[in-house]
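Here is the structure we will look at.
Every read-out reported here was derived from the displayed coordinates using simple, explicitly stated rules and does not represent laboratory data. As the structure is a computational prediction, the values presented were derived from the model and not from experiment. Here the Cβ positions follow ideal geometry from the backbone for every residue, glycine too, while neighbour counts run over all protein chains shown.
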Amino acid sequence: MDLELARQQWGDGYRRLEERRGDRGRYERLLGQVDAVTAELRRRVGQTFTLGELAAVYDGADAWAREAVEDADEERDDGTSDRERARESRSTPARRSPCAPRRGGHGV
């Protein structure tokens, strides 16, 4: 996948996510889905990667991201509430746009 197209899509996704912030329940469910996809992405590319590697994995994300979300939904049926999961996620570092520059000046 073209890197600039991937960056545009990542930015669009982040913007759409933030537009849901006013609907707390839905926003918390979406954050849980973002966490599931992020965990799967880390499993696939590791902690250190190039933008090209990230874009290559992103190119096939339709299938694996859906599976990651479905698996997380099944795990959620263990009795832990969305509210408890949201409380746990707030104790982790804040999310940022995948397109936001890092300290070294590079996005993603």
Next item on the list: Treat each spin label as a single point 7 Å out from the Cα along the C-beta direction, and report the V34 to E74 distance in nm.
Entry: 2.6 nm
Note to self: Report the gain in length on full extension from T48 to R66: 0.36 nm times residue separation, minus Cα-Cα distance, nm rounded to one decimal.
What the structure shows: 4.1 nm
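Ranked highest first by average number of other Cβ atoms within 10 Å, how do 23-35, 62-74 line up?
My ranking of the peptides, most packed first, is 23-35, 62-74.
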Check: Between R21 and D2, 0.36 nm times their residue separation minus their Cα-Cα distance comes to what?
Finding: 3.9 nm
